[in-house]
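Step one of this worksheet: look at the structure below.
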Amino acid sequence: QEPLSEGLVVMADYQEAGKGYGDNAWHSRAGENLLMSLLLFPAFLSASHQFHLSRLISVAVCEVLDVMAAESWIKWPNDILCKGGKVAGLLLEHGVSGGKLSHTIAGIGLNLNQREFPAFPNPASSLFLETGRKTVPRDMAGHLVHRIMDRYQRLKHGEGQALEEEYLHRLYRLEEPSVFEARGEVFDGKIKGVSPFGELLVERQGKLAAYGHGEISLRN
């Protein structure tokens, strides 16, 4: 059996048990959206800097949405929002060997043609609802993989700083007064950025605090 190649894409028309971050589920009607996984071998990255890949894919999704005239933002850590609600979610799973990333499977769910969604606490949207245009999932996969692999090669050749700047430019509610909940407490603060290790940096009462995945949520 031949080894799998970097850049391999697996697509599904439908998932019976779509998975999001943590215990969250991903809802998608059969054949209407893009459900794909992309295989990477990012051995040039240390395990502690795996968030570079989340940055990269988030920015690539937003770039594709730009082309489709759908304004979008990245909601830390793994959601893409448009004006009507969440249009995409990412789930990255990594293998580690010797402190380096041996492989990454990047799962991407992007709502394309779906018109109705369950009543989620945070609304969902789709590219069709945002633009009125239908999209062929396989075509969208091709565009998205092209963007991701271009970004991936640039990251491999040392363009991480430019990627961080573009990610921050698209970060949802950056520098805006917001209400958060963390460790059972609700408080006012401002998102200031994301650390090199993928933690959300929030200014609270003049002090900067770092929060990992699952430790903080945005209330408004």
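The values are calculated or read from the model by the stated rules, or taken from the named source; none is laboratory data. From a predicted model like this one, the values you see are computed outputs, not experimental measurements. Neighbour counts run over all protein chains shown; Cβ positions are idealised from the backbone, glycine included. Quick note on the areas: whole protein, heavy atoms, side chains included, nothing else; ligands and nucleic acids left out. Shrake-Rupley method; radii C 1.70, N 1.55, O 1.52, S 1.80 Å.
Numerical summary
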{"item": "Lone qualifier among Asn122, Asn78 - being surrounded by 16 or more Cβ atoms within 10 Å (Cβ to Cβ), polar (S, T, N, Q) and touching a residue at least 12 places away in the same chain (Cβ under 8 Å)", "result": "Asn78"}
{"item": "Enumerated strands (runs of 3 or more DSSP E) restricted to the range 10-108, each holding at least 1 residues that are within 16 Å of Thr135 (Cα to Cα) and modelled with pLDDT of 95 or more", "result": "34-40, 85-97"}
{"item": "Near pairs, Cβ below 9 angstrom, 6+ apart or cross-chain, from the range 127-147 (touching a residue at least 60 places away in the same chain (Cβ under 8 Å)) to any residue that is open to solvent by 50 Å² or more (accessible area, probe 1.4 Å) and of a type in the set (Gly, Ala, Ser)", "result": "Glu130/Ala69; Thr131/Ala69; Arg133/Ala69"}
{"item": "Residue list for the range 163-186, restricted to those being open to solvent by less than 40 Å² (accessible area, probe 1.4 Å) and either of a type in the set (Phe, Trp, Tyr) or within 18 Å of the chain's Cα centre (by Cα) (or both)", "result": "Leu163, Tyr167, Arg170, Leu171, Phe180"}
{"item": "Test set (1) open to solvent by 80 Å² or more (accessible area, probe 1.4 Å); (2) over 16 Å from Ser58 (Cβ atoms); (3) of a type outside the set (Ser, Thr, Tyr); (4) at pLDDT 95 or above - Phe128 fails condition number", "result": "(1)"}
{"item": "Top-ranked residue of the range 85-119 - restricted to ones that are open to solvent by less than 20 Å² (accessible area, probe 1.4 Å) and among the β-branched types (Val, Ile, Thr), ranked as nearest to Gly142 (Cα to Cα)", "result": "Ile108"}
{"item": "Count of residues meeting criterion [within 22 Å of the chain's Cα centre (by Cα) and free of Cβ contacts under 8 Å to residues at least 12 places away in the same chain] in the range 195-208", "result": "1"}
{"item": "Options Glu166, Glu181; residue that is among the charged types (D, E, K, R), in contact (Cβ under 8 Å) with a residue 24 or more places away in the chain and either assigned to a strand (DSSP E or B) or under 22 Å from Leu112 (Cα atoms) (or both)", "result": "Glu181"}
{"item": "Matching residues, the range 184-220, being assigned to a strand (DSSP E or B), of a type outside the set (D, E, K, R) and closer than 21 Å to Asn122 by Cβ", "result": "Val186, Phe187, Gly189, Ile191, Val194, Leu200, Val202, Tyr211, Ile216, Ser217, Leu218"}
